[in-house]
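Any read-out appearing in this document is the output of simple, stated calculations on the displayed coordinates, not a laboratory observation. Here the structure is a predicted model, which is why all the values come from computation and not from measurement. As a convention, Cβ positions derive from the backbone with ideal geometry for all residues, glycine included, and neighbour counts pool all protein chains shown.
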Amino acid sequence: MRCGVVTFPGSNCDHDVYHVLKHVLGQEVFFLWHGEENLKSCDLVVLPGGFSYGDYLRAGAMASLSPIMASVRRHADAGGLVLGICNGFQMLLESQLLPGAMRRNRTLRFECRDLHLRVERADLPFTRGYEAGQVLRMPVAHAEGNYVDSEANLDALEAAGRVVFRYSDPEGELRDEHNVNGSARAIAGITNEGGNVLGMMPHPERCAEEVLGNSDGLPLFATAVAGARAALETQAS
Amino acid sequence: MSKKKETDQTIRARITVFPRPEILDPQGKAIAGALERLGFDRVSEVRAGKSFDVVLEGTTAEEAEAQLGKMAETLLANTVVEDYAVEILGTATT
Amino acid sequence: MSKKKETDQTIRARITVFPRPEILDPQGKAIAGALERLGFDRVSEVRAGKSFDVVLEGTTAEEAEAQLGKMAETLLANTVVEDYAVEILGTATT
Amino acid sequence: MSGEIKARPGEPQVDEQLAIDHGLTGEEYGRLRDLLGRDPSYTELGITSALWSEHCSYKSSKVYLQEFPTEGPRVIHGPGENAGVVDIGHGWVAAFKMESHNHPSFIEPYQGAATGVGGILRDVFTMGARPVACMDALCFGDIDAPRMRYLVDGVVRGIGDYGNCVGIPTIGGRTGFHAGYNGNILVNAFALGLARRDRIFTASASGVGNPILYAGSATGRDGIHGATMASESFDADSEQKRPTVQVGDPFTEKVLLEACLEAMRTGALVAIQDMGAAGLTSSAFEMAGRGGTGFRIDTDLVPRREAGLGPYEIMLSESQERMLLVAERGREENLAKVFRRWGLEVETIGEVTGDGVGRVLADGEEAAALPIDPLAQAGPLYRRPVAVPKDLEARQKDPEVPEPEDLSGTLKRLLGTPELGCKSWIWRQYDHTVRTNTMIGPGGDAAVLLLKGTPAGLAMTCDVNPVYCGLDPYSGGSQVVAEAVRNLACVGAEPLGLTDCLNFGNPENPEISWQFRECVQGMSAACRALEVPVVSGTVSLYNETDGVSIPPTPSVAMVGLVPDVSNLPESCFQQAGDRIVLLGEDASDFGGSAYLRLLYGVEQGRPPTVHLGTEERLADLLRFLAYEGLSTTAHDLSEGGLAIALAEACFGRASGHLAPVGARVHVDLAPRALFSETQGRAIVAASPENVEKVLEEAETLGVPAVDIGEVGGDRLVIGCDGGSIDLAVEEIHSIWSTALPRALGM
Ligand SMILES: Nc1ncnc2c1ncn2[C@@H]1O[C@H](COP(=O)(O)OP(=O)(O)O)[C@@H](O)[C@H]1O
Ligand SMILES: [Mg+2]
């Protein structure tokens, strides 16, 4: 199926995602250019990690105003799959495709390490390959992953079951010291009402090959690919 | 777009952006702690924000105010968690 | 150190920190570019700085000014590349 | 060549005094005048002082650097290009180099370190190689010295923020603390890039009439005279002399990197070089020098950040993120398009000429006209007087080596020092997993990058022991090369080449020149014996504050090839039940040891002798065990000796998923010998089935080997003659992993 990876000035995980989709999963993958509106009729659009425009203002802020984001929004509204990883998640927040915002990590430092994630929703196009409550190990690498929103909005988010991943200990318990960046309610990833837009800080593309010692991230892409095909078929019929 | 001059005024303005009071401010908290450790024992709170000094050319104070507000709304502030204020620092006619 | 109250005044102040004029300001440069792309065609320059709102308690405006200057020198500003300004926003007696 | 050049309004009178203020000697100024047959212009003086500075001309070090072996079957470009290039097989080459940014980092640690990373990345992608890895060698003073915590924090943030933003993983490095750096820290940055063998670019300006393009950030006053400054000592008024601090713009670097690599694919690019030290001056003169051509550059066409910059400032500015390109005549637009698409400024500022003269124009008039090759030829070259340090004999006297009263306590104290503690506080601030090639990140003996699409991997390590080098620069120089080879061998890597950054004090002091000569000779001997060519490097002299020089610090970054990554040994124990084998024999070496320095404050004696034959046999064995998949763990013995190595091996892998595990061993050694630093040793672990084979192989290769115990449990137990260590792994692991942040108070 057709997958698109958007390259913004300063994206630096675009090639990593491309590699997983193309060489590990054998999909048709295209790079999409921030300055154009053309999604090359991709079924899955990935906003990759990196430092778009250096993240010189707020992470993802300038990129969220790129021409391509209008198309991404239309794609999302039409039920198309959108995956925002790290900087891509920050863009989804800045463009308000997802609620809330990111502040600097409570350590006020860039944090690059493996963290554990508890899967809260295993029924989404991106997470069907996991079990609810399953614990994954995934690398994080960011300085602004401290998710915030008003208590009311957070409650609404929880009530709607839109929290997809939480930072946990290896057993799946929510313990503060495992919530390195200090995210509200240990939130590591959330989705939209439709469940077709996923934003997450950890990097599934960095743990999608056994040769790197960890493939916990692979099912996410594998099912997204399958899911997108399904969506495509329902649209066709 | 071209810089067609309507007026010959140059306007200097400052946009200040702060996290909303109800939003936690890890940076401000850390700074308050550091100041306390340095012996600044009168400090009871610190909030960390951003300032942007903007120079506009060929415009009027009124037009500028409007423009600066839009800049803050669309780019400089994330109104989900931040408040902003616009202040004209000076007007010069060249 | 303990917060022994000398006065019952609460002072709100703002410390603003900007890169020195001759120092490259990549942030300001990037923001100016973004504003231009958004059609704000009157913008000729942007400098990006930081603001810190500090609340001091049990002190006087004079003492506060001095303290705030020290805070900027020792922690909030990197005087090798940045200038700072201190401004008292308000004084309240509780 | 043109005659007298008119002085421009406002320019100072050019005379010998002004030349001396520029860091030239009176004699050097005389050479320049003889060469030109006239007085130089202000701009010419500025340019020449930069080109003839120690930093650009290597005038004090060249005579010794010639001793390095620089050739090898895999070497494609040795020293002289922007980075060394070696063939790594499968149609790929690796380009790598290390650079120093010591002085700027001491003045402004964040920007100094950040721009150091930026510079080394440009050196690599200038060659057409996409950077895929960084390392950093850092030498700080006593943590309690003035400004030191601030310097550590700033340097680490600077390196992290820059490399992270550009998206290059920082997968290794080396960090030391020593009072000798209190007034002059060292920041050495390494970068490695990959390119297809047939896609390497060099920086030789050819083709008379070809246009010269300028791409990247606009020029400001940043770092004017950085090169001359890097060639002077620090003193009270360097603060005053300080040029505008260079500020790094990693975002611009990232788009510049992408634009340059894309531009190279257009086929319209003839040559390209970044504007590093001495900015436009060195890039223009070096490119024309290599091409045997000349150039004409009109400074009025150079993009500027501020008004009032004359040709002098424009030629000497060290503003960052700028590249100089030579395009194929008529095709410059193809190149310009690429840079504009990436949102970068690009201008044609001149052209390649055939007269061998570097001409700089301003306001339509010549501001400089210097004969490029003759100027390089006339450049000074010194064989500085050398002298054995007066206090050397005293410092080399055999030290008292007390037996530890409390063995377990001794190990705990050592593990709790910032010197021997875990460095994860640093490398967790560096993105070391981006680009998804990192098989072994920071924390082991050598980092390993997967070469996607091949079975092979690239290993790299960063080493230096300034204490050894201070006590005996020759054997210290050999030791650093030997340790790097050992670190590579632990992961089964064959060395491909090394790059170095030779950080020393003031070469005009004969004792420093002696250190330099000895160090280089020791390194060369080891490089020859262990067959490691030196493919690039930097010399940083005048690392001196108020007359006090730093310890001799020849930082080395070595790169090796792992033919097959399918069974990489780890530097930590993996499998309970594995047998632990000690390779090599102790000779009770305590000269310059961590044991004496960190516990007793004694820095005395002869550092461990390096037996190159022993090192070679050990490396061969370690590689063989790795290839054959016989060893699950391989970790060499370095600072702190056997006890520290065993403890480290119990701590799992912080940058991965391997959990801590205990071990129980016994050695027939005196208690203090657990901390001896005899070289040529390592520990390996192997499954019970394989341990016999391991011992046999060691026997055949002539490496002493003893089965000293087994992996397992949750305690580290080390028995020796007349004492034992018995500690909970959890306890010492937490002491070790919190040592650095605790010392920093962070
Ligand atoms: N400044 C740094 N940046 C990145 N990694 C570092 C740094 N300092 C130390 N490390 C890592 O910490 C580990 C221990 O360093 P070191 O004790 O020098 O290893 P060795 O003794 O094997 O040379 C190594 O894996 C090294 O890469
Ligand atoms: Mg080692």
From the cross-link list B:K29/C:K29; A:K22/D:K452; D:K59/D:K390; B:K29/C:K50, the entries with a Cα-Cα span beyond 18 Å are B:K29/C:K29; D:K59/D:K390
Residues whose modelled amide H sits under 5 Å from the amide H of D:A205, counting only those 5 or more places away in sequence or on another chain, are D:A288, D:R290, D:G291
Helix D:332-341 sits off the longest principal axis of the Cα atoms of chain D, rounded to the nearest 10 on a 0 to 90 degree scale, by 60
When chain A is treated as a Gaussian network with springs between alpha carbons less than 10 Å apart, the largest mean-square fluctuation among A:L47, A:L65, A:L97 is found at A:L65
Taking A:C112, D:C56 and counting other beta carbon atoms within 10 angstrom, the fewest-first order is D:C56, A:C112
Relative to chain C, whose Cα atoms define the longest principal axis, helix C:26-37 and its Cα axis are tilted in degrees, nearest 10, by 50
Any trypsin sites (Lys or Arg not before Pro) in the range A:84-160 that lie in a DSSP loop and have at most 10 other Cβ atoms within 10 Å would be none
Rounded to the nearest 10 degrees, the helix C:61-71 long axis (Cα) sits at an angle to the longest Cα principal axis of chain C of 50
Scalar couplings 3J(HN,Hα) for the range C:50-55 by Karplus 6.51 cos²θ - 1.76 cosθ + 1.60 (θ = phi - 60°), nearest whole Hz, x for Gly and Pro, are 10, 10, 10, 8, 10, 10
Sorted by chain and then number, the residues having a modelled amide H within less than 5 Å of the amide H of D:G640, at least 5 places away or on another chain, are D:A594, D:Y595
Averaged over the residues of D:163-174, the number of partner chain Cβ atoms within 10 Å of each residue's own Cβ comes to 3
Residue-normalised 222 nm signal for the protein assembly as shown, counting each DSSP H run of n ≥ 4 as -39,500 (n - 2.57), nearest 500 deg cm²/dmol, is -9000 deg cm²/dmol
Which residues qualify? For D:R174, with a placed amide H closer than 5 Å and at least 5 residues away or on another chain, they are D:D136, D:A137, D:L138
Expected max-MSF residue from A:S11, A:S41, A:S64 in the GNM of chain A (alpha carbon, under 10 Å) is A:S41
Taking a straight Cα-to-Cα line shorter than 19 Å from D:K6, and setting aside same-chain aspartates and glutamates fewer than 8 residues away, one finds D:D15, D:E16, D:D34, D:D39, D:E44, D:D298, D:D300, D:E313, D:D363, D:E365, D:E366
Going fewest to most other Cβ atoms within 10 Å around each Cβ, D:S282, A:S168 line up as A:S168, D:S282
Note, the range D:389-399: 3J(HN,Hα) by Karplus (6.51, -1.76, 1.60, θ = phi - 60°), whole Hz, Gly/Pro = x, goes x, 4, 8, 4, 4, 4, 6, 8, 4, 4, x
Output for the range A:123-232: GluC sites (Glu not before Pro) sitting in coil per DSSP, at most 14 other Cβ within 10 Å, listed by number, reads A:E131, A:E171, A:E173, A:E193
For the range D:104-115, Karplus-derived ³J(HN,Hα) couplings (6.51, -1.76, 1.60; θ = phi - 60°; whole Hz; x for glycine and proline) come out as x, 6, 6, 6, 9, x, 5, 5, x, 5, 4, 5
By Cβ neighbour count within 10 Å, fewest first, D:I88, D:I159, D:I76 rank D:I76, D:I88, D:I159
Ranking D:Y627, D:L36, D:V166 by how far each Cα lies towards the positive end of the charge dipole of chain D (+1 on Lys and Arg Cβ, -1 on Asp and Glu Cβ), the top one is D:V166
Treating only Lys and Arg (+1) and Asp and Glu (-1) as charged, each at its beta carbon, one finds that the protein assembly as shown has a dipole about its Cα centre, in Debye to the nearest 20, of 2060
Mean separation of Cα contacts under 8 Å (at least 6 apart) over the residue count of chain D, i.e. the relative contact order in percent, is 15
In this structure, among D:K62/D:K254; D:K62/D:K97; D:K97/D:K337; A:K40/B:K70; A:K40/D:K337, pairs with alpha-carbon gaps over 28 Å are D:K62/D:K254; D:K97/D:K337; A:K40/B:K70
Computed about the Cα centre, the charge dipole of the range D:249-398 from +1 Lys/Arg and -1 Asp/Glu charges at the Cβ has a magnitude in debye, to the nearest 20, of 540
Listed by chain and number, the aspartates and glutamates with an alpha carbon less than 13 angstrom from that of D:K693, same-chain partners under 8 positions apart left out, are D:E628, D:D707
